[in-house]
Amino acid sequence: MRKKTDSYRHGNLREALIEDALTLLREKTVEELSVRELAERAGVSPRAPYVHFPQRRDLLRAVANRGFADLAEAGAHANGDIIALGEAYVRLALGHPNLFHLMFSNILGEDCPDARSSFEQVSAARARSVAETSPPGGVIGAIDHTGRVDFVLQRAAIAPEHIVGGVDLA
């Protein structure tokens, strides 16, 4: 097997697997994402990824966590503007629908501490935006702990089925 040197740098297989998973999720669904294919892309044995991610679910959790961290960073750049924060969600949903699906569906189950931690960061950024921009006594939409993004869909006037191929986000 020929090693693909542009994706895996010795000593950083964990990061290479996450980056390659994000790349593959642009073309494939979460269900189609294969640890074996990721190992092949990195030029390592099919068992090597399991050193860093004992189960496929652990890899998916790390990928979702990266998505939440990126979303939190985009939210921080919104500078308290609820519309800009909503646009960050919509950009992610439209630009990377399979990652969005992974992050905001129940694929990882209810107990996903890494994703929940990142989501709390995003949720806090959204709460700051709402507090700073809401009219007195009013709140513009809501996100609950399961990651629903109703406020974005309402503000953008986009039906959920148009965002991630029929996945119900509401």
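Compute the distance in nm between two label points, each set 7 Å from the Cα along the Cα-to-Cβ direction, one at T23 and one at V51.
Those two pseudo-labels are separated by 2.0 nm.
What percentages make up the Cα-Cα pair-distance distribution of segment 23-113 when the bins are 5 Å wide from 0?
Calculated over all Cα pairs of segment 23-113, the distribution is 3, 13, 21, 21, 18, 12, 7, 4, 1, 0 percent.
Read-outs throughout are calculated quantities, based only on the coordinates presented, and are distinct from any laboratory measurement. This structure is a prediction, so every number in the text was calculated from the model and none was measured. Don't worry about glycine lacking a Cβ; one is built from the backbone with ideal geometry, like all the others, and counts go over all protein chains shown.
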